[in-house]
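What follows draws every value from the coordinates through simple rules; no lab data is involved. Keep in mind that what you see is a predicted model, and the values were worked out from it rather than measured. Ideal geometry is used to build each Cβ from the backbone, glycine not excepted, and the neighbour counts take in all protein chains shown.
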Amino acid sequence: MTAPSSSAAEVRFVSVAKRYGAGPTAIESLDLTIRRGEFITLLGPSGSGKTTALNLLAGFQEPTSGQILIDGEDVSRLPPHKRNIGLVFQHYALFPHMTVRENIAYPLKQRRVAKAEMARRVDDVLRMVSLEIFADRLPRQLSGGQQQRVAVARAIVFEPRLLLMDEPLGALDRKLRESVQLELKRIHRELGATVVFVTHDQEEALVMSDRIAVFNAGRIQQVGTAEELYDAPETQFVAQFLGESNCWVGEVSPNNDALCTVAGACREIAGQRTPRTPTSGLAAAIVRPERCHVVARTAAIEGWNSVPGRLREVVYLGSQRKMIVDLEIGGSAVVTCTPDVVLPSEAAVCVRFPISATRIVPAS
């Protein structure tokens, strides 16, 4: 994680809930600590509660219950302009009649910062976002990525303790998004500020975050680094939302040895338990496609799961091939491999994957 600046904020959500009258509950009960200087992403599908959490933190909405603490101060009922928070949204809301420099300087004018200090700060952030030569242009004379960087500069020029970003890259094309993602990571390293970033894009979250909080149906499913969430998901939802995964649901074997019997077939898939794995009832065996291999049918190998099937389709993707295998136990499996692996369609095969790479998690 980036070394935090002396002004970087610590944020705590304590049993926060948000309900809209007799309507749906947007957030059930949110407990989350955001560390000083970290870049944390709130990730989830539409309606999962991630944007509501950001709006509560910004002060645009008030929680129904619970507390929101910034540096130990309860700000749950504090108006937005008193929270010293920088905001960047998908729609940059730049003033079209103002130059880049004037747009960036606007928050400082509102705070009555002296002219000399204002000029220094604006010059500093222009360098930080690499827009010095565009300082006197109007927003309409800039590309989408440049406008986005102006919005970031305007949000950080008054040195906020906390920077909130709500889908800020959503309007950019894929290649430009990838470039700006790296720019934002660099800016965060230089600032050392606490950043809360909201997105529904799994790849964006994996690339940018120190930690990720995965939301679903108003609750946090899991919080962790990209590696922890991808390699060690604790729920079926996290495994299937964050990246691609193969999933088999069945009964957990009663001897509690991390074996899951796939429903409707006399076959056991062994895997690693998680703290949430049930001791009885339904569970899901999860494995990532890149940890699987498609092989000719051979005898079982100790330490590996092996499920027979028939190769239905092979898709060439340039840097890899994707194989779809219809399994004898029902359903299908996806396997990704290097492009030099070639097998004929309709071949009788086995999908083989290590027990150590298989997670047994609660079924959704």
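Here are a few things to note about the model shown:
- With Cα atoms, 0 to 90° folded angle of helix 100-110 axis to the chain main axis: 70 degrees
- Peptide packing: for 126-139, 229-242, the average count of neighbouring Cβ atoms within 10 Å per residue gives the ranking 229-242, 126-139, highest mean first.
- Matching label, semi-axes √(5λ) of the Cα gyration tensor in Å computed from the structure shown, candidates (1) 46, 25, 15; (2) 33, 22, 18; (3) 27, 23, 21: (1)
- Computed from Cα positions, the angle between helix 174-191 and the longest principal axis of the chain comes to roughly 60 degrees.
- The ranking of Asp123, Asp210 by Cβ neighbour count inside 10 Å, starting from the fewest, reads Asp123, Asp210.
- Partners for Lys115 among lysines (Cα-Cα distance below 24 Å; same-chain residues under 8 apart left out): Lys82
- As a rough footprinting exposure proxy, the listed residues His200, His97 were ranked by other beta carbons within 10 Å of their own, and the order from fewest upward is His97, His200.
- Counting only alpha carbon atoms, the long axis of helix 144-156 and the longest principal axis of the chain meet at about 60°.
- Relative exposure of Thr358, Thr25, Thr298, judged by other C-beta atoms within 10 Å (fewest first): Thr298, Thr25, Thr358
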